[in-house]
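Below you'll find the structure, written out as structure tokens, and then a few comments.
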């Protein structure tokens, strides 16, 4: 049952409380649309056909590294009602920041080989919350997509929360990358296929 804060019910955070979400690592992120509405397009013959909202979601995801230092993208996909993506934080170590608990991410840095076009200037719609954390990145990303949709009079909404998973090793990384790539082909068997607001 949700706890209370300032006499109001709140949903406990899904974040791992012992982990610094600004630390080096590879993070598997899932962000859903409001009530899992299919705002981003449709799967046709196993391929994702992006709507105008989906094109904005795709564009702004690719812009994330332009707004946050030491961030790179790995595999990602915009699906009809959600986005799956791997975000890599790869800050250089120094004596103050070094920790043996950090997840090694060198194997995940595939952005350079994928020839993604990076923005020349950060998009003004992104709001850096003052800390290079996963929550700040996802929050800024969601705000940018929402604002662009509103400006273009496109019907759209996000689910309030998102899901993250800390990728622990290379085997898990490859499994998740394969899941992301094959998501459109397996759409009808996917747990997000039906419109459903139960995802947290």
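Taken together, the values in this text are just the output of simple stated rules run on the coordinates, not laboratory data. All values reported here derive from a predicted model rather than from experimental measurement. Cβ sites come from the backbone with ideal geometry, for glycine too, and all protein chains shown count toward neighbours.
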Of 179, 141, how do they rank once you tally other Cβ atoms within 10 Å and put the fewest first?
179, 141
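Where does each of 50, 173 land when they are ranked from fewest to most other beta-carbon atoms within 10 angstrom?
Fewest-to-most Cβ neighbours within 10 Å comes out as 50, 173.
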Can you sort 48, 137 by how many other beta carbons sit within 10 Å, fewest first?
48, 137
